[in-house]
C-alpha cells in the first residue's frame with residue numbers, strides 16, 4: 001500500500017474545561033486531528049501513534065483500516081488539561097500532566113510514504129536524529145509547536161529552538177502560527193517572518209492566524225481568509241489546516257488551490273467540535289458557498 005502522508009506523534013487524553021466551567025474528557029493531539037482532515041481531503045493516510053499500551057483503547061478513536069495504524073509504545077500517554085477563558089477559545093491555559101516518551105527512528109514503520117509529518121505537541125517528542133532519519137526516507141514536514149513548547153513541571157512555556165538553523169533545511173513543509181513565527185525569528189510581521197524562515201532553509205511555510213492562512217514558498221505570498229461562522233470547534237485549528245494543505249499538495253494541487261481548500265476545510269471544521277468528520281464533497285460545497 002502506498003500512502004500520501006504519515007502523521008507521527010503523541011495522541012493525548014484531554015481534560016477540557018470551558019469558560020463556563022463545564023468539563024469534558026476527550027481524545028486529542030495533532031495526529032488525531034490531522035488524520036481525519038487529510039482523509040477528508042482524499043489523501044491515503046498512515047498514523048504512527050505514541051501512547052502507552054495501557055491506553056490502547058485510544059486506537060479505537062481512529063476509524064481507519066488497521067493496517068494504516070501503528071502504536072508506538074510509551075511508558076506514559078500524554079495528558080493535557082486545557083482551561084478556556086473565552087467562548088471563542090482563543091484565550092486558554094494549557095497544562096501537561098504527563099508526557100509520552102521521545103519517538104525514535106527505529107519505531108517508525110517501514111511504510112511506503114511520500115511525506116512524513118511530525119505532528120508534535122511538546123519539545124522532546126521528536127529527537128533531532130528522527131528528523132534526519134526520516135529525511136533519508138522521503139519528504140519531511142513539521143508543526144513547529146513540537147520544537148518550541150516545553151513542559152516545565154506541568155506549565156507550557158515557549159522557547160526558541162536552539163537547533164533551528166541546522167534542521168529547518170530538512171523540512172519540505174513547515175507550519176507555525178503567528179506567535180511561534182515571532183519566537184523563531186524575532187519578527188512580528190508574518191510575511192517578514194516567513195521570509196526569514198525561507199532564508200534559513202524552510203522551503204514552504206504556512207503561518208496560521210485567526211483571520212487568514214498565509215503560505216510563502218520563497219517567491220510568492222499566498223493568503224486565504226478564515227470564514228468560520230462560529231468557533232465551537234476551535235481546538236485542532238492549526239492541525240486541520242496543515243493536514244488538509246499537505247494532503248492536497250501531495251495529491252498535486254498548486255499552492256493557491258491547496259491553501260483555499262485547507263482554509264475552507266478548517267473554517268467548516270471550526271463550526272463543529274472534534275476532528276473533521278465530513279467529506280471532500282462537503283468541503284467543495286463550502287468552497288462554492290463561501291469562497292466563490
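Every number here is computed from the coordinates shown, using simple stated rules; none is lab data. Please read these numbers as outputs of a predicted model, since none were measured by experiment. Cβ coordinates were reconstructed from backbone atoms using ideal geometry, including for glycine residues, and neighbour counts include every protein chain displayed.
Secondary structure note: in region 2-290, about 45% of the DSSP beta bridges are antiparallel.
Taking every Cα-Cα distance in region 198-292 and sorting them into 10 Å bins from zero, the calculated P(r) comes out as 17, 53, 25, 5 percent. The Cα center of region 186-202 and the Cα center of region 91-144 differ in position by 22 Å.
If R0 equals 51 Å, the separation of the Cβ atoms of residue 97 and residue 254 corresponds to a calculated FRET efficiency of about 0.75. Here the spin labels are modelled as points 7 Å beyond Cα on the Cα-Cβ line, and at residue 272 and residue 22 they lie 1.8 nm apart. Based on a Kirkwood Rh over C-alpha pairs, give the Stokes-Einstein translational diffusion coefficient of the chain at 10 °C and viscosity 1.306 mPa s in µm²/s. Here the translational diffusion coefficient equals 84 µm²/s. If you average over every viewing direction, what projected area does the convex hull of the Cα atoms of region 47-152 give, in nm²? If I average the Cα hull's projected area over directions, I get 7.9 nm².
Each Cα pair under 8 Å and six or more residues apart adds its sequence gap; the mean of these over the residue count of region 2-290 is a relative contact order of 18 percent. Counting only the Cα atoms, region 162-237 fills a convex hull of 92 Å³ per residue.
Three semi-axes describe the equivalent ellipsoid of region 24-70; taken as square roots of 5 times the Cα gyration tensor eigenvalues and ordered largest first, they are 18, 13, 8 Å. Cβ-to-Cβ counts within 10 Å put 51, 8, 58, 131 in ascending order as 58, 131, 51, 8, the fewest first. As an equivalent ellipsoid, region 1-99 spans semi-axes of 26, 17, 10 angstrom, where each value is the square root of five times an eigenvalue of the C-alpha gyration tensor, largest first. Here each label is just a point 7 Å from Cα along the line to Cβ, and for residue 150 and residue 2 those points are 4.3 nm apart.
DSSP beta bridges confined to region 1-134 are antiparallel in about 35 percent of cases. The alpha-carbon atoms of region 244-292, seen along their principal axes, cover 28, 23, 15 angstrom, with the largest extent given first. For the pair residue 64 and residue 281, a Förster radius of 22 Å applied to the C-beta separation gives a FRET efficiency near 0.70, rounded to the nearest 0.05.
The radius of gyration of the Cα set in region 120-199, together with its Dmax, comes out at 12.6, 36 angstrom.
Once the Cβ-Cβ distance of residue 288 and residue 217 is raised to the sixth power relative to R0 = 25 Å, the FRET efficiency obtained is 0.40. Note on region 183-225: Cα-only Rg and Dmax are 9.7, 27 Å.
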